[in-house]
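Student: Quick one: the structure is below, and I'll ask about it shortly.
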Amino acid sequence: MYIGPKEFDRFRALGYGTKKLINFGFFGAIAEALLIAMKWVHQYIPNWGVAIIIITFLVKVIFFPLTYSSTKSMAKMQELQPKIKALRSKYKKAKQDINQRRQMNEEMMKLYKEHGINPAGGCLPLLIQLPVFWGIFRMLVVAVEFRHAPFALWITDLSVKDPYYITPVLMGVTQFISQKMTPTSADPSQAKMMLIMPFVMTIFFINFQSGLVLYWLASNVLQIGQQAIMNKMMHRAKDNAKDKAKAR
């Protein structure tokens, strides 16, 4: 019989599969690896909040190539929107007429091929990152290590909600800024609908553990910086392409 907190290191040392008593969810292996990494950071910086921010930063760095690829693909799709709208206007009866729909799809695929665009290029990198994001989510929700762990100022316990709701509001604001900076392949009406998401996420996260909200807030702040860098990189690449075209 064991009576006590579900500490990961204690269960892992005990063996007999007892670490399974900590329900990390479907991507449990990823959550375990992230917790081990966070505990390693905590050895050198004894503040769980700072450890969350550092791990968030490392995850962002690791996935930067995928994020950049996704952003480039969405930017190219955004540039093609006028031509895509023209095709949809040309085939107004595509929803009812199978032949028109087939012709429209063929012309769209030809258009994508001419501009070197993969229609799934914007979503696929995000799907690859999803298991890691879910692993972080489950790890922050169930790990007992964050219980009664202070971060800074009014955040005295990372396992309970922010008593003043400051971090969830900041999370929503930073997510809105990040979305405004990110290219989108959606039409203007869908893009406007997407801007409602920060408000929805703020309501969704308002009573979540402050450790989880801190992770999302840190991720948004880093995403803003990352997006600014990627926008500069894409702008520079466009300028170089224009210079090459003029030289020819």
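Student: Taking 25 °C and 0.890 mPa s as the conditions, I'd like the Stokes-Einstein D for the chain in µm²/s, using the Kirkwood hydrodynamic radius from alpha carbon pairs.
Tutor: On the way: Rh = 21.0 Å.
So the translational diffusion coefficient is about 117 µm²/s.
Student: Take the cross-link list K180/K232; K72/K110; K113/K192; K95/K180; K72/K192 and give me the ones stretching past 24 Å between alpha-carbons.
Tutor: Flagged as over cut-off: K113/K192; K95/K180.
Student: Grab the beta carbon distance between L14 and I36, set R0 = 25 Å, and tell me the FRET efficiency rounded to 0.05.
Tutor: On the way: r = 16 Å, r/R0 = 0.65.
E(calc), rounded to 0.05, equals 0.95.
Student: With angles folded into 0 to 90 degrees, how steeply does helix 98-114 sit against the dominant principal axis of the chain? Use alpha carbons for both and round to 10.
Tutor: 80
Student: Could you provide, to the nearest whole Å², the per residue accessible area of the range 192-242 with probe 1.4 Å?
Tutor: Details: 2860 Å² over 51 residues.
Ligands and nucleic acids excluded, the result is 56 Å² per residue.
Student: Quick one: accessible area per residue over the range 12-64, 1.4 Å probe, rounded to a whole number of Å²?
Tutor: Values: 3190 Å² over 53 residues.
Normalised by residue count, the accessible surface of the range 12-64 is 60 Å².
Student: Normalised by the number of residues in the range 16-102, what is the relative contact order in percent for Cα pairs under 8 Å and 6+ residues apart?
Tutor: Numbers: 21 pairs, mean separation 10.1, N = 87.
Taking the mean separation of contacting Cα pairs over the length of the range 16-102, I get 12 percent.
Student: Placing unit charges on C-beta atoms (Lys and Arg positive, Asp and Glu negative, everything else neutral), compute the dipole magnitude of the range 1-135 about its Cα centre in debye, rounded to 20. Let's see the in-between values first.
Tutor: Details: 20 positive and 8 negative charges, 138 e Å.
In debye, rounded to 20, the range 1-135 gives about 660.
Student: Note down the relative contact order for the chain as a percent, whole number, built from C-alpha pairs under 8 angstrom at least six residues apart.
Tutor: Rounded, it is 25 percent for the chain.
Student: Of the accessible area of the chain, with the probe set at 1.4 angstrom, what percent is carbon plus sulfur?
Tutor: Values: 10070 of 15350 Å².
That fraction is 66 percent.
Student: Of the residues H115, H42, H148, which exhibits the maximal mean-square fluctuation in a Gaussian network model of the chain defined by a 10 Å Cα contact cut-off?
Tutor: Taking springs between Cα atoms under 10 Å, the residue moving most is H115.
Student: If you take the Cα Rg of the range 9-53 and divide it by 2.2 N^0.38 Å, with N the number of residues, what do you get? If you can, show how the numbers build up before the last one.
Tutor: Numbers: Rg = 11.8 Å, N = 45, 2.2 N^0.38 = 9.3 Å.
Cα-based Rg divided by the globular estimate yields 1.26.
Student: In nanometres, what is the gap between the two model label sites at L21 and F204, each 7 Å from Cα along Cα-to-Cβ?
Tutor: Going by the 7 Å Cα→Cβ label model, 3.3 nm.
Student: To the nearest 500 deg cm²/dmol, what mean residue ellipticity at 222 nm is calculated for the chain from DSSP H runs of n ≥ 4 alone, each contributing -39,500 (n - 2.57), summed and divided by the residues?
Tutor: For the chain, the value works out to -23500 deg cm²/dmol.
Student: For helix 210-247, report the angle its Cα long axis makes with the longest principal axis of the Cα atoms of the chain; keep it between 0 and 90° and round to the nearest 10°.
Tutor: 30
Student: Could you work out how far helix 48-62 tilts from the main Cα principal axis of the chain, as a 0 to 90 degree angle to the nearest 10?
Tutor: Computed tilt is about 30 degrees.
Student: Let me ask something additional. Report the normalised scattering of the range 17-83 as log10 I(q)/I(0) at q = 0.15, 0.21, 0.29 Å⁻¹, calculated by the Debye formula with identical scatterers on the alpha carbons.
Tutor: With one equal scatterer per Cα and no solvent, log10 I(q)/I(0) is -0.68, -0.92, -1.15.
Student: Then there's this: Find how many whole Å separate the alpha carbon centroid of the range 135-185 from the alpha carbon centroid of the range 33-108.
Tutor: Between the Cα centres of the range 33-108 and the range 135-185 lies a distance of 22 Å.
The values are calculated or read from the model by the stated rules, or taken from the named source; none is laboratory data. What you see is a predicted model, and the numbers here were worked out from it, not measured in a lab. Because the Cβ atoms are built from the backbone with ideal geometry, glycine has one as well, and the counts that use them run over all protein chains shown. Just so you know, the surface numbers come from the protein's heavy atoms only, side chains and all, with ligands and any DNA or RNA stripped out. Shrake-Rupley method; radii C 1.70, N 1.55, O 1.52, S 1.80 Å.
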